[in-house]
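K.L.:
A single structure is presented below for examination.
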Amino acid sequence: MAISTRLQRTDQLARPKGKAGSGARVSLAGESLTPDRPLRIGLLSYRSNPYSGGQGIYIHYLSQALQQLGHQVDVIAGEPYPELAPGVGFVPLPGMNLYAYDTVRAAVRDRGLSSLTDALECLSYISGGFPEPQAFGRRLIQRLGDRLAGYDIIHDNQSLCYGLLDLRTKGLPVVTTIHHPITKDLRLALQNEPEWGMRLLIKRWHSFLSMQKKVAAKLPSILTVSEASKRDIAQDFHIDSERIEVVPNGVDIETFRPYPDIQPHPWRIMSAASADVPLKGLSYLLRALASLVGEFPDLELAVLGQAKARGRTSRLIDELGLGRRVRFLNGLSSEQLAREYASSAVAVIPSLYEGFGLPAAEAMASGVPVVATTGGALPEVVGDAGILVPPGDETALSGAIRKLLLDPCLRQCLGRDGRRRMQELFTWRQCAQRTVEAYRRAMP
């Protein structure tokens, strides 16, 4: 993973050669902007764990697809760092990486406090906040500053930090991707938490939303990944929907595919659902599973995620007597995950809300029949190539699972239709092409 040197050359780039009134368009790097000229793209990501959550996946595949289209891409990222394809530049912005340590004291002992930003990040973390997006923006401006003018476009991946407004003030074209408004997570977390003390902590952790709403309101170009997210961003962030453009995510159809050497287990269910996050709806799937084990005694569930030892999900599994039937998968590579899907009879996405629904797309690309809810954008991804049920309805969930377990022909048809839908509508190349079109519209 070589560190890019393109930023170091920014001051040596040619100055604009077009004369005033000549009609020539020039980039901030001083080159003529023809419609098909390769772009220099700075792709920002405040954290990019490749094995946890969708941000690292988005950064990896979008940067690779943009590079394959012939553009120069630098990923400027905080920790945990992304995994990037050959040819994609990398500019690290190391910070305190507090979530990698057991205590703040351990982080400070290991890394020290070298700046006011480091100290502020630690104080916010200690008080229950989530400081990473704002701290990333401060480091971006402090460490890279005017050198960012070497890019034709700056693309932010949902940090929505104040630093973006500084870049706008300098005249740099900026677009941001908002995968879905985190206001949804906040509302569902509060609805599912009866203890007032925990509710206060939840509100404190989500206090970064105030910054994100202010920044989003001042950015002229916003991308999102579904029509559902577009509606919810416009409503929750008070933004004119005409400023929001939908560019759906892709799925890696080369990795996520049917594996001829793998025979699906007829009673295995696969789900990608963060265990202790109410938004992901795992509790409804567990209850549905419990209602089916009498009819299907060999039924088992594999969950992509991790459950806290004494957390809500672990307690529910014990209460339902599902301990020997549920296993959690964590830290899998894309190929390992794809093979887990291929070994399953059914994939279930029980989320109460999804801004896109990448797990559904990955399962469908793998040729696995999908049961998903109608929460958020899942109907846009699944279409008529899966079974859709209302979110938060364990009875409907168990009924749909039962239908698939008892009908091998239906499983085969939906698996085939799902893969075809991903191949036709949701590739990363299509995503990159539409993203570049949005870049060019946002450039002066």
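Coordinate-derived values only; no laboratory data. This is a predicted model, so every value here is computed, not measured. Here Cβ is always computed from backbone atoms with ideal geometry, including for glycine, and neighbour counts include all displayed protein chains.
K.L.:
In whole Hz, with x marking every Gly and Pro, tabulate ³J(HN,Hα) for the stretch 355-367 from phi via Karplus 6.51 cos²θ - 1.76 cosθ + 1.60, θ = phi - 60°.
P.N.:
x, 9, x, 4, x, 5, 5, 5, 5, 5, 4, 7, x
K.L.:
Give me, ordered by chain and number, the residues 5 or more places off Ala272 or on other chains with an amide H under 5 Å from its own placed amide H.
P.N.:
Leu304, Val348
K.L.:
Also, I was wondering about something else. Where the convex hull is taken over the Cα atoms of the stretch 179-240, what is its projected area averaged over directions, in nm²?
P.N.:
4.4
K.L.:
Specify the longest stretch of the chain that does not include any exposed loop site, a site being one of the GluC sites (Glu not before Pro) with a non-H, G, I, E, B DSSP assignment and at most 13 other Cβ atoms within 10 Å.
P.N.:
Formally, the longest exposed-site-free interval is 1-194.
K.L.:
With equal scatterers on the alpha carbons only and no solvent term, can you work out the Debye log10 of I(q)/I(0) for the chain at 0.07, 0.10, 0.12, 0.14 1/Å?
P.N.:
-0.37, -0.74, -1.05, -1.37
K.L.:
Rounded to the nearest 0.05, what FRET efficiency is calculated for Tyr99 and Lys170 with R0 set to 41 Å and r the Cβ-Cβ distance?
P.N.:
0.85
K.L.:
Counting only residues 5 or more places away or on other chains, whose amide H sits under 5 Å from the amide H of Phe90 once H atoms are built in the peptide plane?
P.N.:
So Phe90 has HN proximity to Ser4, Val75.
K.L.:
Three principal axis extents, largest first, for the C-alpha atoms of the stretch 265-425, in Å?
P.N.:
The Cα atoms of the stretch 265-425 stretch 43, 31, 30 Å along their principal axes.
K.L.:
Just going by the charge dipole of the stretch 359-444, with Lys and Arg at +1 and Asp and Glu at -1 on Cβ, which of Trp428, Thr373, Gly399 is farthest out on the positive end?
P.N.:
So the residue we want is Trp428.
K.L.:
If you don't mind, there's one more thing I want to ask. Sort out for me the Cα centre separation of the stretch 94-162 from the stretch 294-321, rounded to whole Å.
P.N.:
Taking the Cα centre of the stretch 294-321 as reference, the centre of the stretch 94-162 is 36 Å away.
K.L.:
Then there is this: Would you calculate the separation in nanometres between label points at Arg231 and Val293, each defined as 7 Å from the Cα along the Cα-to-beta-carbon direction?
P.N.:
3.8
K.L.:
Still on this model: Run the count for the chain, please: Lys pairs, Cα-Cα under 22 angstrom, 8 or more apart or on different chains.
P.N.:
For the chain, the number of qualifying lysine pairs is 20.
K.L.:
Within 10 Å, at most 16 other Cβ atoms, and a DSSP state outside H, G, I, E, B define an exposed site. Report the longest part of the chain free of exposed trypsin sites (Lys or Arg not before Pro).
P.N.:
That gives 26-169 as the longest site-free run.
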